[in-house]
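Heads up: the structure comes next, in structure tokens.
What follows is calculated from the coordinates using simple rules that are stated; it is not laboratory data. Note that this is a predicted model, so its numbers are computed, not measured. Ideal geometry is used to build each Cβ from the backbone, glycine not excepted, and the neighbour counts take in all protein chains shown.
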Amino acid sequence: MSDIVLEIKNLSRRFGVFTAVDSLTLSVNIGEVFGLLGSNGAGKTTTIKMLTTLLPPSSGEARVAGFSITTQAVDVRRAIGYVPQAVSVDGSLTGYENLLIFAKLYDLPYREQQARIREALEFMGLTADGSRLVSEYSGGMVRRLEIAQSTLHRPQLLFLDEPTVGLDPIARDAVWKHLVDLRNNYGTTLFFTTHYLEEAESHCDRIAIMHLGKVAALGTCKELEDSLGSTDHTLNDVFVHYAGNALDSGGTFRDVSAERATAQRHG
Ligand SMILES: Nc1ncnc2c1ncn2[C@@H]1O[C@H](COP(=O)(O)OP(=O)(O)O)[C@@H](O)[C@H]1O
Ligand SMILES: [Mg+2]
């Protein structure tokens, strides 16, 4: 059996004459925590949308859990979970009710639904909050609920698009603690994008730095730091070297205003 759960080969996506993702090639191993880094507009979200079968590639191919994203999209969807950057839970429902909708959507056996929901709430540290309206949740709790929701069917591979953007450091740590639990207990492979270099440093087995739609660097954080030469280099130096600028962790105006809108909607 192969140890590879995600295999991307020359994957490209064009929008008109503009190439957003340019011949991307990389593999991710089972159980790996893989971080895709890059400035705004590097092509990270477009990549995740293709891998989750939401956006057809212009050319190239990827296999997710052994299934082709172009010819076996339904099988791919069953094997994965996806936490999009935008809020994907309903604020007017309780945490429990949000999960129940997804338990039905994923067609979990009726007898198992309650146990799975209980377990998912517990796994994400939300047991005490399951019966509260999501509009009362903090940003970190909303994120953890989204992770619970996207893993109810125990996917082999979980895609997360900027899972901790806009969260304070304590909420970010809590989200990560639960993601690591998920990996350690179920062997779930995590493929995520981030703006936070510290996050890549603390949690990723390997990272890829994307720049103008291409993979500019790929390896462990240590390997990439060593690749710059003999003296001590930080991951920030690595980023500047391969992406040509410092990573702007503040996000774009669009990101920030989207966060604000979310914060307003969710109290
Ligand atoms: N639907 C679309 N139509 C046209 N251009 C797009 C579309 N989606 C993304 N792009 C462009 O592709 C580039 C990569 O976008 P994206 O994948 O969202 O980057 P990232 O997630 O790394 O910030 C950007 O220049 C963006 O404007
Ligand atoms: Mg993005």
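Brief remarks follow.
- Cα gyration tensor, segment 162-216 - rounded (a/c under 1.5), prolate or oblate: oblate
- Exposure proxy ranking for 70, 47, based on other Cβ atoms within 10 angstrom of each Cβ and starting from the fewest, stands as 70, 47.
- For the chain: relative contact order, % (alpha-carbon pairs under 8 angstrom, 6 or more apart): 24 percent
- With respect to the chain, whose longest principal axis is taken over its alpha-carbon atoms, helix 139-150 is tilted by about 80°.
- Distance from segment 180-195 to segment 8-33 (C-alpha centre basis), Å: 20 Å
- Positive-end residue, segment 47-164 charge dipole about Cα centroid, Cβ charges, pick of 72, 126, 160: 72
- Order by protection proxy (mean Cβ within 10 Å, highest first), peptides 4-14, 146-156: 146-156, 4-14
- Measuring nothing but alpha carbons in segment 106-200 and taking Rh as the Kirkwood radius, the Rg to Rh ratio lands at 0.96.
- The tail of the calculated P(r) for the chain, taken as Cα-Cα distances beyond 34 Å, holds 16 percent of the pairs.
- Classified by the C-alpha gyration tensor, segment 1-72 has an oblate form. Its axis ratio a/c, with a ≥ b ≥ c, is 1.5 or above, and a/b does not exceed b/c.
- Using the Cβ of residue 193 as centre and a radius below 10 Å, the other residues enclosed give a net charge of -1, where K and R count +1 and D and E count -1.
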